[in-house]
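One structure is given here, and the rest of the page talks about it.
Bear in mind that the values in this text are calculations on the coordinates, not laboratory data. These numbers were taken from a predicted model, which means no experiment stands behind them. Reconstructed Cβ throughout: ideal geometry from the backbone, glycine too, with neighbour counts over all protein chains shown.
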Amino acid sequence: MLIPQSIRFISGHPLNRGRKLKALARFAAWQIGSRLVPGPVVFEWVRGAKFLVRAGERGLTGNVHTGLHEFGEMAFLLHLLRADDLFVDVGANAGSYTILACAAVGARGYAFEPGPDAYRRLTDNVRLNRIEDRVTCLEMCLGAEPGTVLLTDDLDSANHALAPGEPGARTVTAAVSTLDAVLDGERPALVKIDVEGYEAAVLEGARRTLDEPTLLAAIIELNGSGERYGFDESRVVAAMLGHGFTACSYDPFTRSLARLSGRDPASDNTLFVRDVPLVAERLTTAEKITVHGRQF
């Protein structure tokens, strides 16, 4: 993200509303300070959770600047999950969602990340938070069936499975399994899937998991990236509805869910909720969260 785009995003972020100058000062301090300090720095985040971050790490630096980079979805996770729940993070990258679920909330987790560099950062953050006993990290892709896939290895948080005919400057070979096979009957309360357009294939290999009544919700990236594989994202929405979910958006300040007819047009991610009244009750009774001095 270029600096002008970053400034617009930071200024308009819900946790920075009414605090634009303070937010921009934080951004400027990071731009200067991160270049003076060699290597990663530890960022104190939410409820004692923390992460290692370097200059230029797009996902993690978004949390530095805004508190919660993907505010609605991350706040949904924080309000929904409880300490005895299981969270599954498909496409974990450096572990933002896993850290929130397993360090800030105290849930158990599975974190899948096939990119070698991102996987190292993920496991570093798991060790930093001392949650190795609660998180199973797996260096693999998930898809419709077992096998292998070529993965780009030079696009930071945008690394993805190589589509047929797509050029790749640098690639690695990654193992592929299915979510149903890895979980082998374990029942998550929340699944997050962010695999740069490969979501439809992941869902194909997760049919048993999606039918589990204990799966309360899923956070799925739907931003048009599926076109590179020929995946129609309307079919992803239809598949989730077919498994008994309702597409929703979430307002963390009012703790209210809004039902949608399809993907969320205001976000790159869409929430899918199985039992809206049950999930709404969980959301409204969760403890308050404080991030960058804002409570929600």
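Going by how many other beta carbons lie within 10 Å of each one, how would you line up TYR198, TYR110, fewest first?
TYR110, TYR198
Would you list PHE87, PHE231, PHE9 from fewest to most Cβ contacts within 10 Å?
PHE9, PHE231, PHE87
Across the chain, where is the longest run that never hits trypsin sites (Lys or Arg not before Pro) in a DSSP loop with at most 10 other C-beta atoms within 10 Å?
Longest stretch, sites excluded: 1-129.
As a footprinting exposure proxy, order MET240, MET140 by other Cβ within 10 Å, with the fewest listed first.
Least crowded to most crowded, the residues run MET140, MET240.
How fast does segment 126-199 diffuse by Stokes-Einstein, in µm²/s, taking the Kirkwood radius from C-alpha pairs at 4 °C and 1.567 mPa s?
92 µm²/s
Let me have the 222 nm mean residue ellipticity of the chain computed from DSSP H runs of 4+ only, each contributing -39500 (n - 2.57), with the sum over all residues rounded to the nearest 500.
Here the helix-only value at 222 nm equals -9500 deg cm²/dmol.
Counting only DSSP beta bridges with both residues in the chain, tell me the antiparallel percent, nearest 5.
55 percent
Skipping prolines and chain starts, which residues have an amide H placed within reach, meaning under 5 Å, of the one on THR246, given they are 5 or more residues away or on another chain?
It is VAL273, ARG274, by chain and number.
In Å, what Kirkwood hydrodynamic radius results for segment 140-296 from the alpha-carbon pair distances?
Final number for the Kirkwood radius of segment 140-296 is 16.9 Å.
May I ask for the percentage of alpha-carbon pairs in the chain that lie more than 37 Å from each other?
Tail of the P(r) past 37 Å holds 9 percent of the pairs.
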